[in-house]
C-alpha cells in the first residue's frame, strides 16, 4: 500500500472510530426519547451492541493496515485474558442463557461485557489527542443534557417526555436519562471527573468557565440523586483535583481564573454546605450518617443495623458466604440475583439482583481470576495516566481520565454497575491508556 493510500485508510479509521464512540455516548438521549414517546422498553442495549460491532470492525481493520504502532502489549494481554475468562464464566454459568443475554432489567451479561471491552479497545486505538478531546467534549455535552433533563423531571415539566417511575416520583429521586437515581449518580461522577480535568487544564478563560459550569451541574445532580456512592465519587474528584492544583499551583496561574484559589473556594463552599445540612438535620445527610453507622457497626459489634434501609450490608454479609463455591469462574455474568435468592429468601419482598458492590459482584459472578484481571487493567491504566498527568506532557484528557476513572472506582464500592452509565467508564479507560499513542507515534510502514 502506498504512503498516501495508507494515510487515507488511517484517517478513515481514526475518524470513523471517533464518530462511533461519540454516537455511543449520545445514544442515551435518543433511546430515552424514543422510549418515552413510543412506550418501547430499553432500546439502549441492542443499539449499543450494534455500534460496538462496527467499532470492533473498524478497530481491527485499522490494526491490520499497519498505520499505527502498539507499545503496550501487557494491556492487550490482560484484555484478552479477561475476555477468555468471560467466555468460560458464561459457558459454565448456573444459567448460560441468562448470562449470555443478561437480565431484562440490568443487561449486564456476556453481550454487555463484550461491549465494555470493545469500547475500551476502540478508545485505546484512537491515536490523535484532538480526537480524544472530541470524545471527552461529547461526554460533557451529553452530561449537560442529562443534567437539564433531570432538572425538567424535578420540576415536572414536559411530563410526556420526562415521566418516570411512580416509586421514584414519590421520594423525588429523579433518574434523569439513566432510568435510576443510582445510575444517574454514577454517570455524573464520570462527567464531573471530565469537567474537573478541563477546569485544571484549561488554556483559555472560556474553557474554565464551561468546565466550572459543567462541574456545578454535576454536583447539583449528584446531590439530587441522594446517592452515597455518588457523594463518595464526587468527594474523590474534589480531593484529587485539590492535590493536583496544590502541587502545580505555580504552573496553573492564569490571567482570568487562577485555579488554585478557585479550588480552595470550591472546597470551602462544599464544607459550608455540609455544615448547613448538619445544622438543619438534612434528610439526605442523616441517611448518609446511617449508611456510615451501618458500615461500622458490623466491624465493631458484629451487629447489622440497616438504619439506612438500603440492605446492602446484609447482602454483603450473605454474599460473602457464596464465594467459596464459585471462586474460580463464578456463577455466571448477571446471575447474582438468581444465585443469591436460591439460598437466601426475599427480604420483605425485596429482590436483590445486585451485590451493591461492583468488586464483590464480579468476584461472585465471574470468579477471582476475572476480578484480578480487571483490577490489573485498572491499575495499569491509572499508573500510566498518573505518570502522564504529573509530567509536562499531561493534558486535559489525562486529567479527565485520571479523575473520572479513580472516582468511578471509589464509588464502585457502594455502587451498582449498569450499562447506562458504566460504558463511560470503559471509554475513559481506553482514552487514558491510548495516550501512549499520540500523533507523533503514528507512522507509515514501507
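Worth pointing out:
- Residue within segment 74-81 that is outside any loop (DSSP other than H, G, I, E, B), in contact (Cβ under 8 Å) with a residue 40 or more places away in the chain and more than 24 Å from the chain's Cα centre (by Cα) present: no
- Answer from 225, 247, 265 - the residue that is modelled with pLDDT under 90, more than 19 Å from residue 138 (Cα to Cα) and crowded, with 16+ Cβ neighbours inside 10 Å: 225
- When the test is whether a residue is under 17 Å from the mean Cα position of the chain (by Cα) and closer than 25 Å to residue 186 by Cβ, residue 112 passes it.
- Some residue of segment 198-213 being under 24 Å from residue 149 (Cα atoms), under 17 Å from the mean Cα position of the chain (by Cα) and either buried (at least 21 other Cβ atoms within 10 Å of the Cβ) or modelled with pLDDT of 90 or more (or both): no
- Restricting attention to segment 348-381, the residues being part of a loop (DSSP other than H, G, I, E, B) and under 17 Å from residue 410 (Cβ atoms) number 3.
- Count of residues meeting criterion [farther than 16 Å from residue 421 by Cα and surrounded by fewer than 21 Cβ atoms within 10 Å (Cβ to Cβ)] in segment 132-161: 14
- Selection over segment 427-446 of residues that are crowded, with 20+ Cβ neighbours inside 10 Å and either at pLDDT 85 or above or in a helix (DSSP H, G or I) (or both) gives a count of 8.
- Filter result (under 13 Å from residue 336 (Cα atoms), at pLDDT below 90 and surrounded by fewer than 20 Cβ atoms within 10 Å (Cβ to Cβ)) within segment 78-104: 103
- Scanning segment 47-72 for residues that are modelled with pLDDT of 80 or more, surrounded by 17 or more Cβ atoms within 10 Å (Cβ to Cβ) and more than 25 Å from the chain's Cα centre (by Cα) turns up just one, 62.
- Within segment 91-164, helices (runs of 4 or more DSSP H) holding 3 or more residues that are under 25 Å from residue 356 (Cα atoms): 96-101, 110-124, 129-154
- Residue check, residue 417 within 20 Å of residue 78 (Cα to Cα), within 16 Å of the chain's Cα centre (by Cα) and either buried (at least 23 other Cβ atoms within 10 Å of the Cβ) or modelled with pLDDT under 90 (or both): no
The values are calculated or read from the model by the stated rules, or taken from the named source; none is laboratory data. Since the structure is predicted, the reported quantities are computational estimates derived from the model, not experimental observations. So basically every Cβ, Gly included, is an ideal-geometry build from the backbone, and we count neighbours across all protein chains shown.
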